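Enquirer: Pasting a structure here, questions to come.
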Amino acid sequence: MKIAIVCYPTFGGSGVVATELGSELAKRGHEIHFITYSQPVRLALLNKNIFYHEVHVPEYPLFHYQPYELALSSKLVDMVKLHSIDVLHVHYAIPHAYAGYMAKQMLAEEGINLPMITTLHGTDITLVGNHPFYKPAVTFSINNSDYVTSVSESLKDDTYRLFDIKKEIQVIPNFIEITKDAIDETSPCHRSLMATEDEKIITHISNFRKVKRIDDVVKIFFEIQKTIPSKLMMVGEGPEKETAERLCEELGIMNKVIFFGNSNEIDKILCYSDLFLLPSETESFGLAALEAMSCGVPVISSNSGGLPEVNREGVTGYLSNVGDIESMSKNATSILSNNAKLLQFKQNALNEASKFDIKNILPIYEDLYFKAIKEKV
Ligand code: GMT
């Protein structure tokens, strides 16, 4: 199949999912065309069957806002015709489903029928899309997609609750490529560079937005380090990073916290991590938690959104109410203070993550593409 994928190219769950999905489909012989405004951060362009088409938005002084949707839909029309694309898959409803719908309409005028699948990822529904300024357009573009998928049951329920949706939504969970040697002592894991033998390593990875409750991460760690010798690895960039750095200084723990910035070597950091913190306000799925689990790292998270579908209470970690720092710190300490328990949770995390192996999820997307194409012929 020839598949066009539209996504955000930055560090963020939806872009990562779209990139990994496209890369895996390419390995299976499908021709994948990424269409977005810059090269997706995790995309290895040199792979066979992978193409990247950049959307340019020319600056014009009259425009206060540059019309990205217009440029994207025009680019889609051109690329679909040039490469005889069979199906369009847009990730994150805003504005991709809207631009995709416009492209579909323009192509239909020329007698080309392009099926479009929209995957809902989270904040496009729960935070941004739900804003009255966007809601009518988001509702319209979801209802006018040929197929709609969401990354968790919780997000599906939220979509029906918050929007007037007539379409059936199929849940296709996010996935991960399982690293076989995740807790293999012989793998090149540079733990000793980060902590001493007796210290535990706690990690948080995100785009440091308000929704991630970065202050809670720092406060939970502050409590943990009172009784457990430990270090905190903070991976990512975003608006809340400075506040977090200031809080670490105020609490006098700056010498125990390492801020990495964005990284393409998440697995190298996770390989020496003992615990992952994700106390988010809302999380449709929590791909970062799954990435941690796939490297054998247990998770302390909030119980919001789709997190309970990924992190299993008392098995792969613990879940607490949003903002309950006391409970999260206690749970973290209970795992970290008992080595046998920690090892068991690490193994459980690995086992649970394997259910989300890309090998199990990819065929579901492939079937959906085939179905969409067949119906449109
Ligand atoms: O919020 C983010 O971290 C980015 C956002 C995105 O769309 O890029 O993430 C959402 O999609 C991810 C992939 O499906 C999910 O794993 C995240 O849980 C979800 N974020 C939220 O719901 C806040």
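The values are calculated or read from the model by the stated rules, or taken from the named source; none is laboratory data. Since the structure is predicted, the reported quantities are computational estimates derived from the model, not experimental observations. Cβ placement follows ideal geometry from the backbone for every residue including glycine, while neighbour counts extend to all protein chains displayed. Surface accessibility is based on the protein's heavy atoms, side chains included, excluding ligands, DNA and RNA. Shrake-Rupley method; radii C 1.70, N 1.55, O 1.52, S 1.80 Å.
Enquirer: For the chain, count all C-alpha to C-alpha pairs, find those more than 39 Å apart, and express that count as a whole percent of the total.
Expert: 19
Enquirer: Right, something else. Averaged over all directions, how much area does the convex hull of the C-alpha atoms of the range 155-262 cover when projected, in nm²?
Expert: On the way: hull surface 40.4 nm².
Mean projected area of the Cα convex hull: 10.1 nm².
Enquirer: What nm value, rounded to one decimal, do you get for the distance between ILE258 and GLU366 when each label is placed 7 Å out toward the C-beta?
Expert: 3.9
Enquirer: What FRET efficiency would be calculated for the residue pair LEU343, ASP164, taking the C-beta separation as r and a Förster radius of 51 Å, to the nearest 0.05?
Expert: 0.55
Enquirer: At a 1.4 Å probe radius, carbon and sulfur cover how many percent of the accessible area of the chain? Write out the running numbers ahead of the final one.
Expert: On the way: 8690 of 16650 Å².
The value for the chain is 52 percent carbon and sulfur by accessible area.
Enquirer: Spit out the partnerless Cys residues in the chain, using Cβ distances under 4.7 Å as the pairing rule.
Expert: Singleton cysteines: CYS7, CYS248, CYS295.
Enquirer: Now for a separate question. For the chain, report the accessible area per residue in Å² (1.4 Å probe, heavy atoms, rounded to an integer).
Expert: 44
Enquirer: Please give the residues of the range 32-72, grouped as numeric ranges, whose backbone N is less than 16 Å from a label point set 7 Å along the Cα-to-Cβ vector of GLU109.
Expert: 70-72
Enquirer: Please give the calculated 222 nm ellipticity per residue for the chain, where each DSSP H segment of at least 4 residues contributes -39500 (n - 2.57) and the sum is spread over every residue; nearest 500 deg cm²/dmol?
Expert: Theoretical 222 nm ellipticity from helices: -13000 deg cm²/dmol.
Enquirer: With the alpha-carbon atoms as the only input, what is the per residue convex hull volume for the range 180-356 in Å³?
Expert: Output value, Cα hull per residue: 103 Å³.
Enquirer: Amide H to amide H under 5 Å from THR149: which residues, 5+ apart in sequence or cross-chain, H placed 1.01 Å off N in plane?
Expert: The answer is THR118, THR119, LEU120, GLN170.
Enquirer: Mind checking which aspartates and glutamates have their C-alpha under 12 Å from LYS135, skipping anything on the same chain fewer than 8 residues away?
Expert: ASP124, ASP164
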